[in-house]
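Visitor: The structure follows.
The values are calculated or read from the model by the stated rules, or taken from the named source; none is laboratory data. For clarity, every value in this text was computed on a predicted model and none was experimentally measured. Here the Cβ is made from the backbone with ideal geometry for all residues, glycine too, and neighbour counts use every protein chain on show.
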Amino acid sequence: MADRFHTIEAYPERQDANGVVMRLIDGLGYRFYWATEGLTGDDYGFTPGAGCQTIGGLIGHVCGLINWLHIHVIGEGAGSRSPDPAGQRLQALDLLAAVRDRVAALDEAALFALRIDGDPFWHMVNGPFSDALTHVGQIASFRRLHGNPVPRHDVFLGQ
């Protein structure tokens, strides 16, 4: 399933809140896929300076954020996290695909009934979704600084 976000799926047929969330997940998965595609072991250890996480650390953090979404949308976590960034990348993509599938299966009322640590659904958007997108941007920036820019892809068409 990890290659599922290699491209962005066709537009959701649903034109409701679930469709918007599904597209948000598609965008996050696609950007994470390409920001982390082709990284080397040397890249994982790169940090642009003291006090900044490494690329591998950022991948682990994004994996944790996606696992958090998985816990609150599906009702269970992934279990143990892979010990290496390459494994965490695959795990995060698989978890995100499962979250998308679950959101697609919910009706709008069930979507808005989801809670994250007791707070309304909206906290998922301004919390883990937004945080994950921020860190995906950091991964893309850090790898460029390290001399291994993100492979060419089209963020608008998802190709």
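Visitor: Of A97, A92, A132, which residue is in contact with a Phe, Trp or Tyr (Cβ under 8 Å, 6 or more places away or on another chain), in contact (Cβ under 8 Å) with a residue 60 or more places away in the chain, over 16 Å from D3 (Cα atoms) and not aromatic (F, W, Y)? Break it down stepwise before answering.
Guide: Values: A97 fails: over 16 Å from D3 (Cα atoms); A92 fails: over 16 Å from D3 (Cα atoms).
Exactly one of A97, A92, A132 is in contact with a Phe, Trp or Tyr (Cβ under 8 Å, 6 or more places away or on another chain), in contact (Cβ under 8 Å) with a residue 60 or more places away in the chain, over 16 Å from D3 (Cα atoms) and not aromatic (F, W, Y), namely A132.
Visitor: Given R143, R89, R102, which one is in a helix (DSSP H, G or I), among the basic types (K, R), touching an Asp or Glu at 6+ places or on another chain (Cβ under 8 Å) and modelled with pLDDT of 95 or more? Give the derivation first.
Guide: On the way: R89 fails: touching an Asp or Glu at 6+ places or on another chain (Cβ under 8 Å); R102 fails: touching an Asp or Glu at 6+ places or on another chain (Cβ under 8 Å).
When all the criteria are applied, what remains is R143.
Visitor: Hey, E13 hits all of (1) among the charged types (D, E, K, R); (2) out of contact with any helix residue (DSSP H, G or I) (no Cβ under 7 Å at 6 or more places or on another chain); (3) assigned to a helix (DSSP H, G or I); (4) modelled with pLDDT under 95 but one; which does it fall short on?
Guide: Exception for E13: condition (3).
Visitor: OK, next. Restricting attention to the stretch 59-82, does a residue exist that is surrounded by fewer than 15 Cβ atoms within 10 Å (Cβ to Cβ) and outside any loop (DSSP other than H, G, I, E, B)? Steps first, answer last, please.
Guide: As a first pass, look at the stretch 59-82 and keep what is surrounded by fewer than 15 Cβ atoms within 10 Å (Cβ to Cβ): 75-77, 79-80.
Restricting the remaining residues to those that are outside any loop (DSSP other than H, G, I, E, B) gives none.
Checking the stretch 59-82: not a single residue is surrounded by fewer than 15 Cβ atoms within 10 Å (Cβ to Cβ) and outside any loop (DSSP other than H, G, I, E, B).
Visitor: If you go through the stretch 27-56, how many residues are within 21 Å of F129 (Cα to Cα) and not in a loop (DSSP other than H, G, I, E, B)? Don't jump to the end; show me each part of the working.
Guide: Residues of the stretch 27-56 within 21 Å of F129 (Cα to Cα): 27-37, 52-56.
If we keep only those that are not in a loop (DSSP other than H, G, I, E, B) too, we end up with 27-36, 55-56.
Of the residues in the stretch 27-56, 12 are within 21 Å of F129 (Cα to Cα) and not in a loop (DSSP other than H, G, I, E, B).
Visitor: Within the stretch 43-52, is there a residue that is surrounded by fewer than 16 Cβ atoms within 10 Å (Cβ to Cβ) and in contact with a Phe, Trp or Tyr (Cβ under 9 Å, 6 or more places away or on another chain)? Show your work before the answer.
Guide: Here is the first cut: in the stretch 43-52, the residues surrounded by fewer than 16 Cβ atoms within 10 Å (Cβ to Cβ) are 45, 48-52.
Those left that are additionally in contact with a Phe, Trp or Tyr (Cβ under 9 Å, 6 or more places away or on another chain): 48, 52.
Checked the stretch 43-52: at least one residue is surrounded by fewer than 16 Cβ atoms within 10 Å (Cβ to Cβ) and in contact with a Phe, Trp or Tyr (Cβ under 9 Å, 6 or more places away or on another chain).
Visitor: Something else: Please enumerate the residues belonging to the stretch 54-103 that are of a type in the set (S, T, Y) and touching a Ser or Thr at 6+ places or on another chain (Cβ under 6 Å). Quick ask: steps written out before the conclusion?
Guide: Of all residues in the stretch 54-103, those of a type in the set (S, T, Y) come to 54, 80, 82.
The answer is T54, and nothing else.
Visitor: Within the stretch 73-128, restricting attention to residues that are of a type in the set (S, T, N, Q) and closer than 25 Å to G38 by Cβ, which residue is farthest from the chain's Cα centre (by Cα)?
Guide: Of all residues in the stretch 73-128, those of a type in the set (S, T, N, Q) come to 80, 82, 88, 91, 126.
Within this subset, residues satisfying the condition of being closer than 25 Å to G38 by Cβ are 82, 88, 91.
On the way: S82: 16, Q88: 11, Q91: 10 Å.
Top of the filtered list is S82.
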